[in-house]
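These notes are about the structure you will find just below.
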Amino acid sequence: MKENVAKRLAFFASEEFEEKFRYDGKDLGAVCREGRTVFKVWSPLAERVELRLYRDGVSESCLRQEMQAGEKGVWSLEFEESLHGMYYDYVVRIEGRDVPTGDPYAVGCGCNGDRSMVADLRLTDLPGFREDRAPKLCGEQIIYELHIKDFSYDRDSGIPEEYRGKYKAFTVRGTGGSYPTCMEYLKSLGVTHVHLLPFFDYGSVDEAGDEGQFNWGYDPKNYNVPEGSYATDAADGLIRIRECKEMIQAFHENGMRVVMDVVYNHTHREDSWFQRMVPDYYYRYLEDGSLSNGSACGNDVAAGRSMVDNYIADSVMYWAKEYHIDGFRFDLMGLLTVELMNRICRELEDQFGPGEKMLYGEPWSADFSPLEEGTMAAEKQNAGYLEDYIAIFSDDTRDAIKGSVFRGEEPGFVNGGKGLEQSILQAAAGWRLGGACFLPKSCRQIVNYVSAHDNFTLWDKLVISMHPQEADFDKMYEDVLEANKLAAFIYFTCQGNLFLQAGEEFGRSKQGEDNSYSSSPELNMIRWHRTVEYGDLVEYYKGLIRLRKRLPGLCDKSPEAGRRITCGSVHRKGVVSFLLDNRSEGACEWDEVFIVYNASARACRTPLPKEAGGGLWEVLADGLETDCRKQARIEDHSVRVPARSGMMFGHRCPG
Ligand code: CA
């Protein structure tokens with residue numbers, strides 16, 4: 001390890017550093033309000049810090065002023081005037097070398113995020129934003145994962161061209177076509193949360209470049225500023241702030257909560273504002289002095305160090321308060337720590353109430369990353385140490401249902417996989433009855449899903465695994481449709497939170513591309529006409545969503561919920577069933593619900609459980625419809641479940 005790096009790291013880890021430089025104030029950045037502007041920046045190694053103020057995001061002429069050194073490594077400068085709309089950066093002198101840098105705490109920035117911007121945030125609120133409230137939580141959290149550009153890039157979206165691929169697309173009411181698209185369509189689905197892929201300022205798209213660029217955005221540059229390429233004007237730093245707020249307000253007005261995908265585990269480049277402001281403090285290093293790469297993106301942010309944790313926790317709180325974000329999805333949460341995640345959870349609870357802000361993440365990392373002494377990775381095996389309100393993506397549920405995300409042809413339960421019956425029954429109880437390598441505290445900690453932006457879309461995965469010889473992604477294979485419905489039927493009848501990639505409900509395809517992070521917008525975009533072509537599948541999902549909300553036994557997130565699932569049995573290969581105690585304190589339509597999954601290629605006759613007292617079983621869902629409420633034709637207390645389909649029956653106990 002380079003001697004100076006090793007020396008610095010030892011200093012950062014020392015008690016002396018903590019005592020001298022840990023700063024817990026919440027006023028870092030440029031705070032501008034009521035005709036006053038205060039700049040504060042944490043740079044404990046600096047010998048001198050200079051502020052440079054600019055009229056706009058590009059001009060070279062600036063006003064320079066030296067900052068004053070204060071306690072705890074904080075440098076500050078106050079102005080008795082509002083500098084709202086002015087741009088700025090810093091020149092930091094460390095070991096005799098002057099380095100220009102943006103402000104990691106900036107709330108605004110210019111084009112491509114190269115220059116920070118002062119914003120009086122109250123002047124960025126649109127009419128009604130202060131009164132904006134999230135819709136009330138219902139009994140279930142059904143999350144729809146969406147990329148901002150994907151949503152409206154297609155001409156068939158009906159969105160005016162200047163808003164296509166932008167925040168503004170979410171504010172368009174009625175798109176005028178012959179079928180619902182965009183917000184109108186989302187509303188009709190009945191999902192409760194929309195999870196948006198990263199929309200803090202990221203580095204991989206040139207904000208001054210053309211509209212044909214595309215990136216998922218997992219490469220943060222300015223954590224506390226919205227991305228500029230989604231704004232109608234990236235050069236005026238106030239516009240992205242306003243339009244991002246407008247989008248969130250539009251979701252709330254349309255009855256949906258907003259989850260933000262956050263990437264605190266790494267930065268776009270190692271040469272970040274962090275690195276320029278406090279060299280080597282914000283990153284993890286291996287023994288040989290090279291950066292660790294547990295993110296597979298070139299660097300790992302050193303969660304576990306006090307000022308890194310302060311930064312991340314404050315950033316989450318900022319988005320929740322300032323932008324009214326309702327939940328956070330943590331990218332590679334396994335690189336963050338249990339201590340930090342629990343702290344974030346507690347701080348959000350204190351401010352907003354338990355469960356009000358949803359938290360979940362990927363409980364893994366891409367590779368090894370050295371943690372700070374005394375901290376624990378926020379990964380799957382440690383879920384038991386995480387607060388009950390921090391959930392994890394269940395790759396166990398995902399893989400059991402549809403097979404490996406890495407090996408395309410490897411099937412799961414619905415597409416011909418063998419020996420998965422027990423796993424499917426365990427998934428139904430949110431892995432609370434065992435079967436996974438960890439025991440969740442309750443199924444609240446589980447996010448059930450079968451598709452996300454990563455890996456193949458569900459449709460592509462099913463086509464590849466079921467028709468490996470002649471995979472044609474545009475062909476509407478009957479057996480793939482059935483397997484798709486069954487996959488949805490299964491995770492919609494598992495306890496835990498529910499999550500789907502946008503378009504899973506209309507057989508979204510990326511033509512077999514399993515990592516489209518920088519593919520064309522045409523490959524990634526939602527093709528709205530497909531909602532019509534696959535309208536039957538869309539209706540099937542809508543029915544499942546409606547039905548789920550009427551099944552308190554499945555929505556139950558208490559630690560005891562797993563006990564509601566009894567009589568789990570394997571009838572033969574590919575056929576399982578269980579009984580659900582669906583009673584609840586509130587009104588409930590069916591006291592007991594019987595669920596069968598038949599993943600085999602032939603129909604199966606299955607006995608219905610003996611009823612408690614003669615009430616008739618109704619069919620609540622089958623392979624064709626999901627809210628049909630037909631009375632079952634029961635012969636000898638058994639029912640016929642067609643090949644590759646699920647069935648659900650409900651009944652009331654008399655009296
Ligand atoms: Ca950007």
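The spacing between the range 276-308 and the range 214-273, judged by their C-alpha centroids, is 23 Å. With the largest listed first and rounded to whole Å, the semi-axes of the equivalent ellipsoid of the range 448-487 from the Cα gyration tensor are 17, 12, 8.
Averaging over all projection directions, find the projected area of the Cα convex hull of the range 248-378 and quote it in nm² with one decimal place.
For the range 248-378, averaging the hull's shadow over all directions gives 8.4 nm².
Cα-based radius of gyration for the range 353-433, normalised by 2.2 N^0.38 Å, reads 1.33. In a DSSP loop and with at most 13 other Cβ atoms within 10 Å, the trypsin sites (Lys or Arg not before Pro) in the range 380-447 are R407, K418. Distance distribution P(r), the range 435-573, all Cα-Cα pairs, bin width 5 angstrom from 0: 2, 9, 17, 19, 18, 15, 11, 7, 3, 0 percent.
Calculated FRET efficiency, D114 to E16, Cβ-Cβ distance, R0 = 25 Å: about 0.10 to the nearest 0.05.
Over the chain, the reciprocal of the mean inverse Cα-Cα separation, the Kirkwood hydrodynamic radius, stands at 26.1 Å. Placing a label point 7 Å from the Cα of A603 along the Cα-to-Cβ line, no residue of the range 561-578 has its backbone N under 16 Å from it.
Working note: Debye formula, equal point scatterers on the alpha-carbon atoms of the range 1-57, no solvent; log10 I(q)/I(0) at q = 0.14, 0.20 Å⁻¹ is -0.61, -0.92. Relative to the 2.2 N^0.38 Å rule of thumb, the range 106-199 has a C-alpha radius of gyration ratio of 1.29.
Rolling a 1.4 Å probe over the protein chains gives E513 an accessible area of about 60 Å².
Per residue, the chain exposes 38 Å² of solvent-accessible protein surface, assessed with a 1.4 angstrom probe and all protein chains in place.
Ordered from longest to shortest, the equivalent ellipsoid semi-axes for the range 121-172 are 24, 20, 9 Å, each the square root of 5 times a Cα gyration tensor eigenvalue. Split the accessible area of the range 488-613 by element, probe 1.4 Å, and carbon with sulfur accounts for 49%. Taking chymotrypsin sites (Phe, Trp or Tyr not before Pro) in DSSP loop conformation with at most 12 other Cβ atoms inside 10 Å as exposed sites, the chain has its longest uninterrupted site-free stretch at 1-367. The range 483-528 and the range 1-49 have Cα centres spaced 43 Å apart.
Distance distribution P(r), the range 1-144, all Cα-Cα pairs, bin width 5 angstrom from 0: 2, 8, 15, 17, 16, 12, 9, 8, 6, 4, 2, 0 percent.
Histogrammed with a bin width of 5 Å, the alpha carbon distances of the range 497-594 distribute as 2, 10, 15, 14, 14, 13, 11, 11, 7, 2, 0 percent, first bin at zero. Split the accessible area of the range 218-360 by element, probe 1.4 Å, and carbon with sulfur accounts for 44%.
For the range 129-247, the number of Lys pairs with C-alpha atoms closer than 20 Å, counting only pairs eight or more positions apart or on separate chains, is 14.
The values are calculated or read from the model by the stated rules, or taken from the named source; none is laboratory data. The structure presented is a predicted model; accordingly, all values stated were derived computationally and were not measured. Note: ideal-geometry Cβ built from the backbone for every residue, glycine included; neighbour counts use all protein chains shown. Each accessible area value is taken on the protein alone, full model and side chains, heavy atoms only, with ligands, DNA and RNA left out. Shrake-Rupley method; radii C 1.70, N 1.55, O 1.52, S 1.80 Å.
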